[in-house]
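The values are calculated or read from the model by the stated rules, or taken from the named source; none is laboratory data. Predicted model only: the values in this text are computed from it and were never measured. Counting neighbours? That spans all protein chains shown, and the Cβs are built from the backbone with ideal geometry, glycine included.
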């Protein structure tokens, strides 16, 4: 909070100083509007959904707002603020002094009400034939704070300044800071096993802080516009990490064999941190260049960034490059070509877990390196031609290619590469101010879209090689069998919601039958499917429609209205594990 | 958690048997419909009125889930478990409807002095209840004040 106050204080001083410096007593115009009043809120039944983004203080409360505007021949100052209550307020100051200095300060806060997950949809118990009233594995839950009123307040404070340092090369400095502060309470759910699968809900404080600082220089170098921007972002939670108790490892039915079950758990019989939030620091550098090339214009940028979780010392690095070029091919035809590439590389931490059945014949070390699914290189190319067919009609055609090469997913060092080709055609018709209509069709064809590396289904039976897991206490004979983890080898069937075929149509129309009436119509339809999932018929369809009107019978009245409809349908597999109990 | 006995075919652990998995294809559909009407105007030079009416209906539901007969997948007879899943498609139903009405007026009492008043009513009906329970509720707010322009 101290950093926020410093930034805000310095920012406001700069704004006021610049305004005072730029003020001119000649030709000053000022306008002030002050509103003061109060409000009364009343709610009934469950208010958290109907007023999810509202602040609630059930009673009569004062409220006020102020707007002030001052202009001189070479400066402008504007303030607007509104106080609803201590959790919901808004304030904005903007100033401009000639073309030398611009500044903006904005404060906005609101309250969000969040509900409590009652956990009632995750309660079950295995049925065993020998124990008619149950007795098998069980999933239970506890709500330790049933009357909790979960909500948080979000404040966003933005300060932006721009100053002309030199007219010679139009050298301009831009500095911006944004703080996001989130405070309140939230529901935490811990999951303990394997004595019995047990979910426990409790309240926790939320105090999240995000600071985003950016500073950049822009200038002209010959015929080129060039710029550089440095960015620094910091996120941190200032509340202590919550703790939860992980119950003793026991057989879920008999309550015995703690050591046997303990070897399969990383934590039991102890309190451990849960929902540990990261402490993120991200630095970024971005350079851009824009100018003329041949008959066309180009714009390009290159960015580097590195984000690190300081609590775990894990980082992700990325770079991104963009090149856009627009050129007229003929008096009626224009080409816009875009190319971009990105790369993300994340650290691969070593995960150390307890040895499974340590000290026994079938012990297994499940330690592993967690290769990140983020590691990838992407490339995008599009070329779009715009052609004016006649004074009323414009056509455009787009062709594109997208490639996503994953480094380590689903197999480390041998990830899959998805390729998509894109085609799009659009026609736009304009008849003066009376009618504007456009229609667009787009298709995307993808090979090897992202799929889950885990199998969705399991082969019945146990076509596995048994392992030696112990000795019969009476005879001393070797015991052979299978463990649950071995059944992963029986899992099959890749699954995804990503499509191989995508089709989209868009219709947009604005019709003005008279100067008093405007009609708008928008329709969007999407159909996609994945044809690579064996017999699984995974597909989606979407339909969005919107019809609205504005009618102004005279200069005193305005009537507007509309209807909208949205439908989304997803077809996918519903799978259940087969148990006889 | 104990190992399965070393037998081929459907594996068993005590009284619990494992038979792989079963699946069917199912459709999940969400719909949202909105209607709104807004009017504002100045019947006299001093009076300004405004009103908004909004209605929203949102639903989400699975079509009936028709699982195949488990005996097609496994050789054993599964007698201790009901695999019909007649009610499965209703587990995650969503069904909200919400109506919002607002009325506002401002009346100019004198040059630079205006009286304002407005009210808002919102009512949400939850016919399904999911995760958070039934979330039906309503909200009423009135606000009034004076505006000074100078």
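A compact table of results
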{"quantity": "Members of the stretch B:113-133 that are at pLDDT below 95 and either within 9 Å of chain A (Cβ to nearest Cβ) or touching a helix residue (DSSP H, G or I) at 6+ places or on another chain (Cβ under 6 Å) (or both)", "calculated": "B:130, B:131, B:132, B:133"}
{"quantity": "Every residue from the stretch A:456-497 that is buried (at least 16 other Cβ atoms within 10 Å of the Cβ), more than 8 Å from chain B (Cβ to nearest Cβ) and assigned to a loop (DSSP other than H, G, I, E, B)", "calculated": "A:464, A:493, A:494, A:496"}
{"quantity": "Filtered residues of the stretch A:287-308 (kept if under 22 Å from the mean Cα position of the chain (by Cα) and surrounded by fewer than 17 Cβ atoms within 10 Å (Cβ to Cβ))", "calculated": "A:304, A:306"}
{"quantity": "Qualifying position, being more than 13 Å from chain B (Cβ to nearest Cβ), in contact (Cβ under 8 Å) with a residue 24 or more places away in the chain, surrounded by 14 or more Cβ atoms within 10 Å (Cβ to Cβ) and not in a loop (DSSP other than H, G, I, E, B), among A:450, A:511", "calculated": "A:511"}
{"quantity": "Breaking point among (1) surrounded by 15 or more Cβ atoms within 10 Å (Cβ to Cβ); (2) over 24 Å from the mean Cα position of the chain (by Cα), for residue A:277", "calculated": "(2)"}
{"quantity": "Tally, over the stretch B:8-33, of residues that are at pLDDT below 50, at the interface with chain A (Cβ under 7 Å from one of its Cβ atoms) and in contact with a strand residue (DSSP E or B) (Cβ under 7 Å, 6 or more places away or on another chain)", "calculated": "4"}
{"quantity": "Any hit, the stretch A:527-542, residues being within 13 Å of chain B (Cβ to nearest Cβ), over 30 Å from residue A:447 (Cβ atoms) and touching a residue at least 12 places away in the same chain (Cβ under 8 Å)", "calculated": "no"}
{"quantity": "Residue satisfying all of: in the stretch A:62-81; within 10 Å of another protein chain (Cβ to nearest Cβ) and crowded, with 17+ Cβ neighbours inside 10 Å; nearest to residue B:149 (Cα to Cα) among these", "calculated": "A:67"}
{"quantity": "From the options B:96, B:107, B:55, residue that is exposed (fewer than 15 other Cβ atoms within 10 Å of the Cβ), in contact with a strand residue (DSSP E or B) (Cβ under 6 Å, 6 or more places away or on another chain) and not in a loop (DSSP other than H, G, I, E, B)", "calculated": "B:107"}
{"quantity": "Filter result for residue A:401 (in a strand (DSSP E or B) and farther than 28 Å from residue A:324 by Cβ)", "calculated": "no"}
{"quantity": "Selection count, the stretch A:549-564, where residues are surrounded by fewer than 16 Cβ atoms within 10 Å (Cβ to Cβ) and either under 32 Å from the mean Cα position of the chain (by Cα) or assigned to a loop (DSSP other than H, G, I, E, B) (or both)", "calculated": "5"}
{"quantity": "Which listed residue is modelled with pLDDT under 95, within 14 Å of chain B (Cβ to nearest Cβ) and either within 30 Å of residue A:396 (Cβ to Cβ) or under 37 Å from the mean Cα position of the chain (by Cα) (or both), from A:266, A:354", "calculated": "A:354"}
{"quantity": "Pairs, first outside the structural domain of residue A:391 (by TED's automatic domain parsing) in the stretch A:322-336, second outside any strand (DSSP E or B), C-beta under 7 Å, six or more apart", "calculated": "A:327/A:294; A:327/A:295; A:328/A:295"}
{"quantity": "Residue count for the stretch B:30-46, restricted to those that are farther than 12 Å from residue A:552 by Cβ and within 35 Å of the chain's Cα centre (by Cα)", "calculated": "9"}
{"quantity": "Exclusive hit being touching a residue at least 24 places away in the same chain (Cβ under 8 Å), crowded, with 16+ Cβ neighbours inside 10 Å and either under 28 Å from residue A:231 (Cβ atoms) or out of contact with any strand residue (DSSP E or B) (no Cβ under 7 Å at 6 or more places or on another chain) (or both), set A:263, A:284", "calculated": "A:284"}
